[in-house]
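Remarks on the structure that follows.
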Amino acid sequence: MNLYDDAPRFLWAGDSAVVIQFGSDISPLLASRVHRTTRALETGNLPWLVEVLPSYRSVLAEFDPRLISPTAALDALRGIVKAIDAPDCLGVDEANIENNVVTIPVCYGGQFGPDLDDVAAHTGLSPGEVIALHSEPLYLVYMIGFTLGFPYLGGMSPRIATPRLATPRTVVPAGSVGIAGNQTGVYPSASPGGWRLIGRTPLRLADPSADPPCLLRAGNRIRFVPVDEPTYYSMGGDR
């Protein structure tokens, strides 16, 4: 018996792409199906597959119509999803969580986290308590988007949820760790942004010239680890 309640929907996105939609909410279980499907497609040695794009609740699979017909592509995708939803394939993600964790050092507050005090004031906590709550969870990378390498994470404590800035910054430094509502994330490159900045990591999350170009991918887990300023610089952090 299939342990998932919702049957996936296969929706055409133009003449050469299919959206495999697993549900309408945001949840770890649904994300597991998205990430398992993404991995199966990416590692399936499918010469007709052009690109795979996971999101919170779906996977877009683009194919080359010169190599496969739309009907055959749809049948193949249905078969792949049916196989990974089989009962004997479930639980693999959960069993391998600790092997899929990326540790991200963060120097919190000061020049690296200019909004940390504002988050503390909004939540009624001390800056130290905000740091402790932010660095405690094991976050799930639901998807990558907005800019190259930007992770959309799930798992942040609702106790430190804080609204975005009323006026976004024109430039947010690369590596900045921010909070927006009930979400947290890391800016891989300098860009405009309205998230509340609470810290910065010395790690480089995105490099267009690298292979792969992103440090993180959908399905990774993240653990933020507080570090002091000397450690931040010793790890190659920008001043």
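Computed from the coordinates by the stated procedures, all read-outs in this text should not be read as laboratory data. Just so it is clear, the structure is predicted and the values come from calculations on it, not from any experiment. Here Cβ is always computed from backbone atoms with ideal geometry, including for glycine, and neighbour counts include all displayed protein chains.
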May I ask what percent, to the nearest 5, of DSSP beta bridges between residues of the chain are antiparallel? 85 percent
Which of the three applies to the stretch 111-193, rounded, prolate or oblate, going by the alpha-carbon gyration tensor with a ≥ b ≥ c and a/c under 1.5 meaning rounded? oblate
Which of rounded, prolate, oblate describes the stretch 136-239, given a ≥ b ≥ c as roots of the alpha-carbon gyration tensor eigenvalues and a/c under 1.5 marking rounded, otherwise prolate only if a/b is larger than b/c? rounded
What helix-only [θ] at 222 nm does the chain give? Using -39500 (n - 2.57) per DSSP H run of at least 4, over all residues, to the nearest 500, the answer is -7000 deg cm²/dmol
Applying the gyration tensor rule to the Cα atoms of the stretch 9-95 (axes a ≥ b ≥ c; rounded if a/c under 1.5, else prolate if a/b exceeds b/c, else oblate), the class is prolate
Could you give the length gained by full extension between residue 235 and residue 6, i.e. 0.36 nm per residue of separation minus their alpha carbon distance, to one decimal place? 77.9 nm
Check every DSSP H run in the chain and write down those whose alpha carbon atoms cover 18 angstrom or more along the long axis and whose mean Kyte-Doolittle hydropathy is 0.0 or greater. 70-84
Quote the FRET efficiency, to the nearest 0.05, computed for residue 111 versus residue 62 with a Förster distance R0 of 41 Å and r equal to the Cβ-Cβ distance. 0.45
Assuming 0.36 nm per residue, please report the length gained on full extension of the stretch residue 75 to residue 165 beyond their Cα-Cα distance. 27.7 nm
Just subtract the alpha-carbon distance of residue 45 and residue 126 from 0.36 nm times their residue separation and send over the number in nm, one decimal. 24.0 nm
